[in-house]
Amino acid sequence: HRKYAPKLFKSRPIDFIEKPATEEKIEDAFNAYFKIVNEGNMYIKVKVGYTTNMVLCKDVLYFIRERRKIYVITKDKKYECYTSFDEIKNMNGFIQIHKSHIINISYIKSYDYNSVILTDGTVLKISQSHRKEVRDYLEEL
């Protein structure tokens, strides 16, 4: 019904449960809710010397791959990380813009055909092979 649409935008529902409400439909709705809520609490393991630290993914500005090492760049620090680029680029809220760069879309200040400027002023190039994917992704936001 059209009269309910404005209320939906105000409350921002995550899911709808159609009648008849089954246990499976309710469980699916709760799982969708918890997935969204917990995304901001996901961590990535980073190593500093012999110590492994847990860094919140939402605090990560971008990742850089240099040879076999991956560096995690936050506002405050640069960490070395031992994980695969494939694993990182599949995380929600991140997009690969270059063979050596994956960025957190929450920190994009502006972008054009060739580059992305992050909120900390970092300018990262978008490779030719990633331009269409990046442009399409960012246009949908």
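Scan segment 103-135 for residues that are of a type in the set (D, E, K, R) and open to solvent by less than 60 Å² (accessible area, probe 1.4 Å) and the total you get is 1. Being open to solvent by less than 80 Å² (accessible area, probe 1.4 Å) and of a type outside the set (A, V, I, L, M) is a description that applies to S100.
The values are calculated or read from the model by the stated rules, or taken from the named source; none is laboratory data. Everything numeric here is computed off the predicted structure, so don't read it as measured data. Areas reflect the complete protein model, heavy atoms only, side chains present, ligands, DNA and RNA absent. Shrake-Rupley method; radii C 1.70, N 1.55, O 1.52, S 1.80 Å.
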